[in-house]
Amino acid sequence: MSDVIVKTTNLTKIFPVKKGIFRGSKGGIYAVHDVNLEIPEGKIFGLVGESGSGKTTIGNLLVRLIEPTRGRIQLNGQDIFDLKKSEEIHFRRKVQMIFQDPYESLNPRLTVYETVAEPLIIQEKRSVHGNEKDVLYALESAGLTPPQDFLYRYPHELSGGQRQRVAIARALIIRPRFVVADEPVSMLDVSIRISVLNLMLGLKDKFGLTYLFITHDLSIARYMCDWLIVMYQGKIVESGSTEEVIQHPLHPYTSALISAVPIPDPTIKRRRVELSEAMEDTRKPPLRCRFYPKCERKSPMCEQEYPGFQDKGHTHFVACHGV
Amino acid sequence: MRIPTKRKFGLAHLLFKGISQEALGKIGIAIIIIFGVMALVSPFVINIDPDVYDPLIGVDPLIFSSQGPTLTHPLGTDHLGRDVFSQLLKGSQIAFLVGITVGLMATLIGTAIGLISGYFRGVTDSLLMRVTDIILSIPSLPLLIMILCVFEHRGIWVIVMVLGLTGWPITARVIRSQTLSLRERPFVKSARVSGASDWRIILIHIAPNVLPLTFLYMTIGVTYAILTEAGLGFLGFSDPTISSWGMMLQWCFSTGHTFKALYWMIPPGLSISLLALSFYLVGYSLEKEINPRLREP
Amino acid sequence: MVVLELKSLEMSYKTQEGTVRAIDRASLRVEKGDTVGIVGESGCGKTSIGLSILRLLPPNATIHGGQILFKGQDLLSLSEKDMRRIRWKNISMIFQAAMNALDPVYRVGDQLIEALVEHQKLTKKQASDKMEAMFQLVGLDPGRARNYPHEYSGGMKQRAIIAMSLICDPDIIIADEATTALDVLVQDRILSSIEKIQAELTMTMLYISHDIAVISEVCNKIAVMYAGNIVEHGDTMSLFKAPLHPYTQGLMRSFPKIHGKPERLEGIPGEPPRLTDSSPGCKFFPRCQQSLKECNSIRPEFTEIEENHWVACHAARRSL
């Protein structure tokens, strides 16, 4: 069993909704509520959900871009929000992020060299010059060959796939342990996606990385991830090894998601999912199951209390009364 | 292994491209160059014969009133027999000095405040923006006139200081708005995730991306300064020891030569309009290049 | 009956970096009742085809070759005035961010009613009834007609736009990335609405998308585009069973599947094409693993290799 590298306990993030004349907070949106994760080293954890599920918020929390309202996040046993200033920079060395938009994640006024060298400059207090060797190695590892050709190019001279590779080179140049990838290929052309995904898989083995792979695309999640966590409106509804969850989904939301994926095979006629349009108000704390308005299997108990996690065989967990 | 050299993509390249693509921009630059040459040539003209050509004290011994253009005085003389052309050249110097100094001051202050306000937000932002509002609500021309009257000192540098210290609010507002949106862009978030300090982010990531906008607002600041100083001069509140274009108009007007000595009245008036316009045209032609660039270069 | 036909259409954009051949001799046929999909990646020209048919191109674009035949009439020869009469009435469109086309200050139902009264010359009562029927057709609750656009979710707005596009009983609808920005469950609803329209109205559609899975569900015929060329065209079944063009084959290998055995995919090597590149041969050559000697210098002709299956590829022709 691998060591747990990242652990969250009761992680909660409520975004305040400003109301009233004096703009005081009156409640908020429960973007993430009571999320408990344990990500073992060397694995690719998939965080799957639609917009509003809270998956991006969790990504931002794990890299300390935002602070949680409640709960803890631990990296190798150490609470990441309880760090002294000097320890903070060490944290930044171990955790990196790859963003969704390749067109926005690179500073348009910096060359590829400056962008990729920056983490080194910050972490190791180097000067701007003299980092060519490290940058070239990072670019080559990210599949940009020959790397010299890319050194002094500007982002607007590169294609989407190339920019994303630059972003990957930048994220890996300081040898992080844990990388959060937030929809890394959803804005890339289809023919490029596979090569970038395969690159990420290769780099995981080469550098011994652990990934949190955030996506709304279940097919890609299945391709990449060892373990899937399905989120709905701020809560984890199902969690388990990828094949378990995909082949035997237990939560009605997971089943709906899987059934809704279009199948590129004209001989198979997929049934339409037709979920109810009713939505739960995420400004209220989850006192009942969030999926209640849409669920076809609901029972009175579902409205009274939020379902806790049930262990369905150590590699499969689900939060649902109807299982 | 040959490592290629860095290519130009800086502000200079941007400006050059913007101006050269727009006909109006070229006209603007041309006018600025003409006046620039005039400003540079000024001391040489004076040195031809300082007793005659000094804009303030040089008097033609043969002339005792305002006379029309002649060979020795291409634009004629003013009511004291001073050479108008020499005054005009000196006025160019003043206009550039005042314009660019005020432009630089207002832009630097405005950009700095805009960056800090927009990046740090919260209490800092509220405070700075209230100060901005206060300065914005003070009408600079009456304020200047008041200061000049109260202190009975009509120095050109007082004018420059006041204009510079009151002309920054709009730039601050615009830069703040730009900063607010830039700080949310993924490349800024990425820098933060890598451990960049706030100042590093402001100086390396945000400032260069607002620089084109800064430059645009500087051209507006220069225009504003030239016109305001000229207005002050015409009203008689500018520095009387300096033959700025505004003062030239004031002398022409107060000695009753308006419309009677066109060779005296038109050159400074025309110069004020043209120089102000030229900076505006440069700004206008840059805007096309700058605005889409800010979104997606 | 052929509703729409493109014959060797050629269109270019003038940009700062040079002339971009957005559409390079594209030929396509859409018969009544067909839903023809155009699948390709960004920059392949698929959106340009939609805009060209509707003659809504930006000023720096010129159509300099070929014909666009709509019910036998060449649209390229029409004046702007005549074109305006055809747009939306005979050929209507649904674009990606179309949900923003709803006027935020009017109720959604009223916008549909107004359009019906204006264009179909119905009375208010008739329009109101028709509006309700259209809401039901696209899967919207008619009770929500009194809401404003901001009270609708993204998926609902998109369905309202689809309803708007049906108002004038058009002969053909052009949909460009109609479900791209939406979550998968919402997308499923939209596809449901589209299916209903196809079934109940026998609607003819041109469906443009980069998502081959969606296209395979919605379309009975597919045209594959690459760098401005239509490289393969045929009915969905035969294209999936035996794709002939190496790019089509590569695309099939680029979609991870949710069902079946998990497998490693290869995708397509190389980078998407630079559209200012004007090399004489096949545009796919740099990435092709089946290329022959002539592929680099001679442009492959778009020919009918099997019945109703067209391909532009030297290697494909050789192998058959």
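Read-outs: derived from the displayed coordinates by stated rules, not from any lab. Just so you know, these numbers come straight off a predicted model, no measurement behind them. For neighbour counting, all protein chains shown are included, and Cβ atoms are generated from backbone atoms with ideal geometry for every residue, glycine included.
Counts of other chain beta carbons within 10 angstrom of each beta carbon in peptide C:265-271 average 6. Residue ranges A:63-70, B:144-151, B:175-182, B:91-98 sort as B:91-98, B:175-182, A:63-70, B:144-151 when ordered by packing (mean number of other C-beta atoms within 10 Å per residue, highest first). When shorter helices are ignored and each DSSP H run of at least 4 residues is given -39500 (n - 2.57), the per-residue value for chain B at 222 nm works out to -24000 deg cm²/dmol.
In the protein assembly as shown, with Lys and Arg counted as +1 and Asp and Glu as -1 at Cβ, which of these residues, C:THR47, A:PHE207, B:SER243, has the Cα nearest the positive end of the dipole, that is, farthest along it? The one lying farthest along the dipole's positive direction is A:PHE207. In a simple Cβ point-charge model (Lys, Arg +1; Asp, Glu -1; nothing else charged), chain C has a dipole of about 260 debye relative to its Cα centre. Give the distance, in whole Å, between the Cα centre of region B:94-157 and the Cα centre of region A:69-145. If we compute the Cα centre of each part, the gap is 39 Å. Relative contact order of chain B, taken over Cα pairs closer than 8 Å and 6 or more residues apart, is 26 percent. Look at the stretch A:213-221: the mean tally of other chain Cβ atoms within 10 Å of its residues' Cβ atoms is 2. Taking 0.36 nm per residue of separation and subtracting the current Cα-Cα distance, fully stretching the chain between C:LYS293 and C:VAL117 would add 57.2 nm. Pairs of lysines in chain B whose Cα atoms sit within less than 20 Å of one another amount to 6, provided the residues are eight or more positions apart or on different chains.
Note the full-extension length gain between A:GLU303 and A:GLN148 as 0.36 nm times their separation in residues minus their Cα-Cα distance, in nm to one decimal.
49.7 nm
Of the cross-linked pairs A:LYS55/A:LYS269; A:LYS94/A:LYS204; C:LYS89/C:LYS130, those separated by over 19 Å at the C-alpha level are A:LYS55/A:LYS269. From the alpha carbon centroid of region A:186-259 to that of region C:50-76 is 42 Å.
Lys/Arg Cβ at +1, Asp/Glu Cβ at -1, dipole of chain C taken about the Cα centre: which of C:ALA145, C:MET237, C:GLN16 is farthest positive-ward? Farthest along the dipole direction, towards plus: C:GLN16.
Rounded to the nearest 20, the Cβ-based charge dipole of the protein assembly as shown about its Cα centre (Lys and Arg +1, Asp and Glu -1) stands at 1020 debye.
Based on other C-beta atoms within 10 Å, arrange B:THR166, C:THR62 from fewest to most.
With the fewest neighbours first, B:THR166, C:THR62 line up as C:THR62, B:THR166.
Within the straight-line cut-off of under 17 Å between alpha carbons, the aspartates and glutamates reachable from A:LYS133 are A:GLU114, A:GLU118, A:GLU124, A:ASP149, sequence neighbours fewer than 8 places apart in one chain being disregarded. Within the same chain, lysines fewer than 8 places from A:LYS298 are excluded, and of the rest, those with a Cα less than 18 Å from its Cα are A:LYS235. Efficiency by 1/(1 + (r/R0)^6): what FRET value for A:GLN310 and A:ASP226, r their Cβ-Cβ distance, R0 = 22 Å, to the nearest 0.05? So, using R0 = 22 Å, E works out to roughly 0.55. Going 7 Å from the Cα of A:PHE207 along its beta-carbon direction, which residues of region A:139-170 have the amide nitrogen within less than 12 Å of the resulting point? Only A:139-143, A:165-170 fall inside the zone, counting backbone N under 12 Å.
If you plug the beta carbon distance of A:HIS156 and A:SER51 into 1/(1 + (r/R0)^6) with R0 = 25 Å, you get a FRET efficiency near 0.30. Only aspartates and glutamates eight or more places from C:LYS283 in sequence, or on another chain, were considered; those with a Cα closer than 19 Å are A:ASP189, C:GLU10, C:GLU17, C:ASP24, C:GLU41, C:GLU232, C:GLU271, C:GLU294, C:GLU301. Note on region B:13-42 and region C:165-226: Cα centroid distance 54 Å, given to the nearest whole angstrom. Calculated mean residue ellipticity, 222 nm, chain A: -9000 deg cm²/dmol, from DSSP H runs (n ≥ 4) at -39500 (n - 2.57) each, averaged per residue and rounded to 500. Take the cross-link list C:LYS196/C:LYS261; C:LYS14/C:LYS71; C:LYS124/C:LYS157 and give me the ones stretching past 26 Å between alpha-carbons. Table pairs above 26 Å Cα-Cα are C:LYS196/C:LYS261; C:LYS14/C:LYS71.
If exposed GluC sites (Glu not before Pro) are those in a DSSP loop with at most 10 other Cβ within 10 Å, what is the longest stretch of chain C that has none?
C:18-262
Remark: mean inter-chain Cβ contacts per residue of A:103-114 equal 6, using a 10 Å Cβ-Cβ cutoff to other protein chain atoms. Neighbour counting of Cβ atoms within 10 Å sorts the residues C:TYR13, C:TYR247, C:TYR148, fewest neighbours leading, into C:TYR148, C:TYR13, C:TYR247.
Taking Cα centre as origin and charging only the Cβ of basic (Lys, Arg, +1) and acidic (Asp, Glu, -1) residues, the dipole magnitude of region B:17-295 rounds to 1480 debye. Among beta bridges identified by DSSP and lying wholly in the protein assembly as shown, the antiparallel ones come to about 65 percent.
Just want the ordering: A:SER241, C:SER92, from fewest to most Cβ atoms lying within 10 Å of their own Cβ.
A:SER241, C:SER92
Across the options A:SER186, C:ILE173, B:ILE113, the greatest Cα extent toward the positive end of the charge dipole of the protein assembly as shown (unit charges at beta carbon of Lys, Arg, Asp, Glu) belongs to A:SER186.
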